[in-house]
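Have a look at the structure below before the remarks.
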Amino acid sequence: MTTKQQIQNFFEAGMIADALGVPVEFSRRDTYTVTTMQGHGTYDQPAGSWSDDSSLTLCLAETLTQGGDAEALMAKFVAYLEHGAYTPGGEVFDVGNATREAIRNFVGKNVPAIAAGERSARSNGNGGLMRIAPLAFSTVNLPREARRQLTQDFTTVTHGHVRAIIADDLYVECLRQLLLGQPLAQAMAAAWPVIAAAGYPAEELALFHRVHDPALANAAREAIRSSGYVIDSFEAAMWCALNCPTLESVILQAANLGEDTDTIAQIAACLYAAGHLDERAPRNWRETLIRTPAAERIISEFAERFGAD
Ligand SMILES: [Mg+2]
């Protein structure tokens, strides 16, 4: 079973990756090189600042520790968007359009949380992937149908299209296999048949062909797109995590792909870290990461609830 310290390491890896990607988010590939944690850039934030990816992950982690549902998660999203809760500096400087709109639907139009996310095929950004990882720890011993339902409910609060649901379902199942001890290629090979048998539309499943193809590891860098589209982000993160030998190199590879650098780095770091739970990022990155009392409390309570001694 995963230990409390390993869970702490996992959250740290994701937040560090987010923070390395933040200053170069939206930059074109190969117009810059990230070599370490730095400040300023895209949002002019201090070094070690993490973004919505980590803030929304913390919201989910706290919800799961408290045994909360989608309504409880959405209430935390409101506190994040309207009051800057769950942020490193009290300010929201980066939030996806779908997530912002869903929060407005929930608050302003009284839409139930699980129906607040846009259902259009055009609303398939990576906003679910960026926050769903803690669910793998809390559901690792639950039956498949319970895992699927929880993943769906915690996805549709902001992303209601089946493609976003499939992405989160596949990601959580893959993380689960990693937590059970499978290396990444085998974890994905074990997770995919579970998703393929879940009754999703065939034309939607087909869009994930590269995500679960073992040959993705051999793709050239030019063949990897790093946009915020959920399929692009998932492929890019898998490609980095499959090809890089250390947590440090996974994060740097992802942060240097351009475009949605923070989210892709965070997803890639999670995919790597779930299989290497004792490995930590370089010390100077850990020391530069901004650690707020709220984030520290949420992570340690989550580790206490779902980790072993
Ligand atoms: Mg972000």
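The values are calculated or read from the model by the stated rules, or taken from the named source; none is laboratory data. These numbers were taken from a predicted model, which means no experiment stands behind them. Virtual Cβ from ideal backbone geometry, glycine too; neighbours counted across all protein chains shown. Quick note on the areas: whole protein, heavy atoms, side chains included, nothing else; ligands and nucleic acids left out. Shrake-Rupley method; radii C 1.70, N 1.55, O 1.52, S 1.80 Å.
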Of the criteria (1) buried (at least 23 other Cβ atoms within 10 Å of the Cβ); (2) touching a Ser or Thr at 6+ places or on another chain (Cβ under 6 Å), which one Arg147 fails: (1)
Sole exception among (1) at pLDDT 95 or above; (2) of a type outside the set (Phe, Trp, Tyr); (3) within 16 Å of the ligand (Cβ to nearest atom); (4) touching a helix residue (DSSP H, G or I) at 6+ places or on another chain (Cβ under 9 Å) for Ala79, by number: (3)
Residue in segment 283-296 that is within 16 Å of the ligand (Cβ to nearest atom), outside any helix (DSSP H, G or I), of a type outside the set (Phe, Trp, Tyr) and open to solvent by 30 Å² or more (accessible area, probe 1.4 Å) present: yes
In segment 82-116, the residues that are at positive phi and surrounded by 14 or more Cβ atoms within 10 Å (Cβ to Cβ): Gly84, Tyr86
Among the residues listed as Ala303, Ala255, Ala241, the single one being within 16 Å of the ligand (Cβ to nearest atom), over 13 Å from the mean Cα position of the chain (by Cα) and open to solvent by less than 30 Å² (accessible area, probe 1.4 Å): Ala255
Options Asn110, Asn124; residue that is more than 29 Å from Glu204 (Cβ to Cβ) and of a type outside the set (D, E, K, R): Asn110
Single match in Thr155, Thr139 (criterion: of a type in the set (Ser, Thr, Tyr) and touching an Asp or Glu at 6+ places or on another chain (Cβ under 8 Å)): Thr155
Scan of segment 251-280 for residues that are assigned to a helix (DSSP H, G or I) and free of Cβ contacts under 8 Å to residues at least 40 places away in the same chain, ordered by number: Gln253
So Leu277, is it farther than 10 Å from Ser226 by Cβ and aliphatic (A, V, I, L, M): yes
Condition met for Leu205 (over 24 Å from Leu64 (Cβ atoms) and either out of contact with any Lys or Arg (no Cβ under 9 Å at 6 or more places or on another chain) or open to solvent by 40 Å² or more (accessible area, probe 1.4 Å) (or both)): yes
Single condition Ser123 does not satisfy, out of (1) away from the ligand (no atom under 16 Å from the Cβ); (2) out of contact with any Lys or Arg (no Cβ under 8 Å at 6 or more places or on another chain); (3) open to solvent by 40 Å² or more (accessible area, probe 1.4 Å): (3)
Leu247, sole failed condition from (1) more than 16 Å from the ligand (Cβ to nearest atom); (2) touching a residue at least 40 places away in the same chain (Cβ under 8 Å); (3) open to solvent by 10 Å² or more (accessible area, probe 1.4 Å): (3)
Filter result (under 18 Å from Pro245 (Cα atoms) and either hydroxyl-bearing (Ser, Thr, Tyr) or outside any helix (DSSP H, G or I) (or both)) within segment 174-195: Gly181, Gln182, Pro183
So Asp18, is it modelled with pLDDT of 95 or more and not aliphatic (A, V, I, L, M): yes
Residue that is surrounded by the most Cβ atoms within 10 Å (Cβ to Cβ), among those in segment 16-58 that are within 12 Å of the ligand (Cβ to nearest atom) and assigned to a loop (DSSP other than H, G, I, E, B): Trp50
Qualifying positions in segment 50-94 - under 15 Å from the mean Cα position of the chain (by Cα) and free of Cβ contacts under 8 Å to residues at least 60 places away in the same chain: Ser55
Odd one out for Val111, checked against (1) within 14 Å of Leu56 (Cα to Cα); (2) of a type outside the set (D, E, K, R); (3) without any contact (Cβ under 8 Å) to a residue 12 or more places away in the chain: (1)
Close pairs (8 angstrom Cβ cut-off, 6 or more residues apart or separate chains): closer than 14 Å to Ala136 by Cβ in segment 1-24, among the charged types (D, E, K, R) and open to solvent by less than 10 Å² (accessible area, probe 1.4 Å) anywhere: Gly14/Asp53
